[in-house]
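Written below as structure tokens is the structure these notes are about.
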Amino acid sequence: MSLAPTDMTIPADNVIDVTGITKRFGDKTVVDGLDLAVRRGEIYGFLGPNGSGKTTFIRMLCGLLTPDAGQGTCLGYDVLRDQRDIRTHVGYMTQRFSYYEDLSIRENLDFVARLYETRNRREVVDRALERLGLQGRSKQLAGELSGGWKQRLALAAALLHGPQLLLLDEPTAGVDPKARRDFWEQIHQLAAEGLTVLITTHYMDEAERCHRLAYLAYGRLMTQGTVDEVIAEAGLSTWEITGPGLHDLVGRLRDLPGVEQVVPFGTALHVSGHDAAKLEAALNPLRRDGQRWRQVPASLEDVFICLMDHSRDNFSAQP
Ligand SMILES: Nc1ncnc2c1ncn2[C@@H]1O[C@H](COP(=O)(O)OP(=O)(O)OP(=O)(O)O)[C@@H](O)[C@H]1O
């Protein structure tokens, strides 16, 4: 499939470059003064709890919603004025499968190609089928496909018109690990060819596959950077405890000075706080024979849980 530039001019550096983007629904500010710059060829992860404003932000970026405040460009187009141009040049994969279940894969792709008034439709659809490994199933009805194949169809459709920016809203939700891995290989291949990707996900392993990422809570940007930068900036000290008696330990740990979060991780507990000395002093008296206590680097999940706990709910208490 061709990902060659279309007829537009894109700034060499930032494909997305927006500041102060804000959206209100009634008295709720669901996206609150968001700044974001994403470079060409970057895979940028967007994380945050349910309802934190990720989809709303993406819909503003791709010209489906108008921001109430803020400014900037997407693919060189003004996000307030040039929404029609943006819509034409962006590939958007929505959270819900939105293709015709009673049409085949090929018919669905052909339909999308018609919407974009694509020239050489047959050839373009053939290339899309080939690229996504869908040739063998081209006659299969979309409604009969498993989650992983539906996701491939949706990705093929989002790429059909040769966009330079792909906005993916939880594309792998409910998809099995093998299909998720294949999907990410595909995304990295596309990025290597120059496509820019903004992707929302709740999976930590996927966050770690992004070049950079941002974490949102209640519409506000809590942190952004590479995985290492985000972890370092959080400044969390974390202890991992394994062995017997962890269940009883949880309750005793939670109210100790210096302990800010206690999270079970499989057969281990992660105990974190920002003041390393205070945390260690609080933990020391609780050590028991047979348990293993060790200091570990904070994980991305530790950091995100901490950010969520410390963020203020500005959704519920507005005048
Ligand atoms: N059209 C709308 N009218 C009113 N409220 C809306 C509308 N669209 C979204 N919201 C609200 O805005 C907030 C942010 O929703 P949004 O879907 O952007 O979050 P999200 O981070 O994408 O969540 P998820 O991870 O569950 O997909 C939510 O409280 C949601 O109920």
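The values are calculated or read from the model by the stated rules, or taken from the named source; none is laboratory data. Here the structure is a predicted model, which means the values were calculated and not measured. Cβ coordinates were reconstructed from backbone atoms using ideal geometry, including for glycine residues, and neighbour counts include every protein chain displayed. With ligands, DNA and RNA removed, areas are computed over all heavy atoms of the protein, side chains included. Shrake-Rupley method; radii C 1.70, N 1.55, O 1.52, S 1.80 Å.
Screening R59, R84 for residues that are away from the ligand (no atom under 15 Å from the Cβ) and either on the phi > 0 side of the Ramachandran plot or charged (D, E, K, R) (or both) leaves exactly one candidate, R84. Would it be correct to say that S272 is surrounded by 14 or more Cβ atoms within 10 Å (Cβ to Cβ), without any contact (Cβ under 8 Å) to a residue 60 or more places away in the chain, touching a helix residue (DSSP H, G or I) at 6+ places or on another chain (Cβ under 6 Å) and farther than 29 Å from I16 by Cβ? Yes. The number of residues in the stretch 221-242 that are more than 17 Å from Q261 (Cβ to Cβ) and open to solvent by less than 40 Å² (accessible area, probe 1.4 Å) comes to 3. Please name all residue pairs, on different chains or six or more residues apart, with Cβ atoms under 7 Å, provided the first residue is in the stretch 76-87 and is more than 17 Å from L36 (Cβ to Cβ) and the second residue is assigned to a strand (DSSP E or B). Partner pairs satisfying both residue conditions: D85/Y77. Yes or no: the stretch 212-223 includes at least one residue that is farther than 30 Å from Y44 by Cβ and β-branched (V, I, T). Among the residues of the stretch 212-223, not one is farther than 30 Å from Y44 by Cβ and β-branched (V, I, T), which makes the answer no. Of all residue pairs spaced 6 or more apart or on separate chains, those with beta-carbon atoms under 7 Å, a first member in the stretch 1-26 that is modelled with pLDDT under 95 and a second member that is part of a strand (DSSP E or B) and surrounded by 12 or more Cβ atoms within 10 Å (Cβ to Cβ) are D13/R39; N14/A37; N14/V38; N14/R39.
Pick from the stretch 192-220 the residues that are assigned to a strand (DSSP E or B) and of a type in the set (S, T, Y): which of them is surrounded by the fewest Cβ atoms within 10 Å (Cβ to Cβ)? Filtering the stretch 192-220 for residues that are assigned to a strand (DSSP E or B) and of a type in the set (S, T, Y), the one surrounded by the fewest Cβ atoms within 10 Å (Cβ to Cβ) comes out as T200. The helices (runs of 4 or more DSSP H) found entirely in the stretch 227-284 that carry 2 or more residues being modelled with pLDDT of 95 or more are 227-234, 276-283. Residues in the stretch 243-254 that are within 20 Å of A298 (Cα to Cα) and open to solvent by 70 Å² or more (accessible area, probe 1.4 Å): R254 alone. The selection criterion, being open to solvent by 10 Å² or more (accessible area, probe 1.4 Å), under 18 Å from the mean Cα position of the chain (by Cα) and not basic (K, R), holds for A173. Within the stretch 123-149, residues that are over 16 Å from D110 (Cβ atoms) reach partners that are open to solvent by less than 60 Å² (accessible area, probe 1.4 Å) with beta carbons closer than 6 Å, at six or more positions or on different chains, in the pairs G147/V175; G148/V175; G148/A179. Here V30 does not qualify as away from the ligand (no atom under 16 Å from the Cβ) and at pLDDT 95 or above. For the stretch 34-54, does any single residue satisfy the condition of being farther than 26 Å from V230 by Cα, in contact (Cβ under 8 Å) with a residue 24 or more places away in the chain and within 15 Å of the ligand (Cβ to nearest atom)? No, there is no match, as no residue in the stretch 34-54 is farther than 26 Å from V230 by Cα, in contact (Cβ under 8 Å) with a residue 24 or more places away in the chain and within 15 Å of the ligand (Cβ to nearest atom).
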